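Just below is one structure, and these are the notes that go with it.
Readers should treat all values here as calculations from the given coordinates under stated rules, not as data from a laboratory. None of the values given here were measured: they were computed from a predicted structure. Cβ placement follows ideal geometry from the backbone for every residue including glycine, while neighbour counts extend to all protein chains displayed.
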Amino acid sequence: MANGSTLPSPNPAPSLSLRDFSIARITAVGVLGGVLSGLLGVGGGVIMVPLLVLWLGIDQRVAHAASLGAIIPISVAGIATYGAAGEVDVAVAAALIVGAIAGARLGAIALAGIDPHRLQAVFGVFLVLVAASMVALP
Amino acid sequence: MTVWLLAGLVTFGVVAGAGAGLLGIGGGTLIVPFLVLSVGLTQHAAQATSLLAVLPTAIVATVILQRRGVGDLRFSLVVGCLGIAGAIAGSALALALPEDVLRVAFAVFLAAIGLRMARDGRRAMRAGP
């Protein structure tokens, strides 16, 4: 606390290694994340974060970071499949991306120092609100 | 594309990107409803376009988190590469399904996971660090 200015983060994240987990569980998380991502057009983090936290016992913040990285190859596969069907609106996506890259920096910087339990609670409330809005759509 | 639509998309991109970086979910859960409701895309087109917007968001957030020592890139990419076949199968299934079926399944799933995460997070906060 006293030498806080020299610390890299006020709340350092636990380390993570592939060797600590069975390949079957890692495969299950990846495949389920991939199926959900393709099926619903989301990153797949909605299912990968809970699985990484509740099933593999990974710290909440580290799970969010792992999910974001896993989304990279998963979304590429989804884009290729939807793209082959001619469903991707490139102009709309490009406009979203311009804003999202700025926003992602802000969000990721905040994630690096946040309380993981508070984040989990906020994440849960956020998901319920999105679910309610989906049902309320005309 | 009108100037207003362009401005709206960029602004919403900032919100979705920040939520994505903070919550680790890529922003698609926000982007898909927005594209259907406000931009008027079909459910299929919204999902396809969402995935394209999610990709750079995930890359930027991953680079920042790596620099700050949160997570392990090798672990992330192994999980993601194992998910490629699943993503192709899921996308093909979505394209074959009626759009209203997709939407209801999505909402039910999100509510179930969201309630569980909110409950666990609150319980842990009450118990202390």
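Things worth noting here:
- Global form of chain B, assessed from the alpha-carbon gyration tensor, a/c cut-off 1.5: rounded
- 11 Å beta-carbon shell around residue A:15, net charge (K/R +1, D/E -1): -3
- As a proxy for reagent exposure, A:23, A:58 were ordered by neighbouring Cβ count within 10 angstrom, fewest first; the result is A:23, A:58.
- Result for chain A in a Gaussian network model with C-alpha springs under 10 Å: among A:13, A:112, A:102, the largest mean-square fluctuation is at A:102.
- Neighbours of residue A:104, meaning other residues whose beta-carbon lies under 15 angstrom from its beta-carbon, give a summed charge of +3 when Lys and Arg score +1 and Asp and Glu score -1.
- Helix runs (DSSP H) in chain B reaching 27 Å along axis by Cα, Kyte-Doolittle at least 0.0: B:3-23, B:43-67, B:99-127
- Residues in segment A:14-52 reached by a label modelled at residue A:85 [backbone nitrogen below 14 Å; 7 Å Cα→Cβ]: A:35-42
- Average partner coverage of A:112-120, which counts Cβ from other chains inside 10 Å: 5
- Counting other Cβ atoms within 10 Å as a rough exposure proxy, the listed residues B:101, B:36 run B:101, B:36 from fewest neighbours to most.
- Stretching the chain fully between residue A:15 and residue A:76 yields a gain of 19.3 nm (0.36 nm per residue, less the alpha carbon separation).
- A cut-off under 13 angstrom between Cβ atoms defines the neighbours of residue B:51, and their net charge, with Lys, Arg +1 and Asp, Glu -1, is -2.
- With the cut-off at under 18 Å, measuring from each backbone N in segment B:50-70 to a point 7 Å along the Cα-to-Cβ line of residue A:102 picks out B:53-54, B:56-58, B:60-61.
- Per-residue packing, averaged as other Cβ atoms within 10 Å, sorts the ranges A:29-41, B:54-66, B:76-88, A:80-92 into the order A:29-41, B:54-66, B:76-88, A:80-92, beginning with the highest.
- Peptide B:96-104 has a mean shielding of 1, counted as Cβ atoms of other protein chains within 10 Å of each residue's Cβ.
- Neighbouring Cβ atoms from other chains, within 10 Å of the Cβ of residues in A:44-54, number 6 on average.
- Cβ-based exposure ranking for A:17, B:50, A:133, B:38, in which fewest neighbours within 10 Å come first: A:17, B:38, A:133, B:50
- FRET efficiency estimate (nearest 0.05) - Cβ-Cβ, residue B:105 to residue A:23, R0 41 angstrom: 0.90
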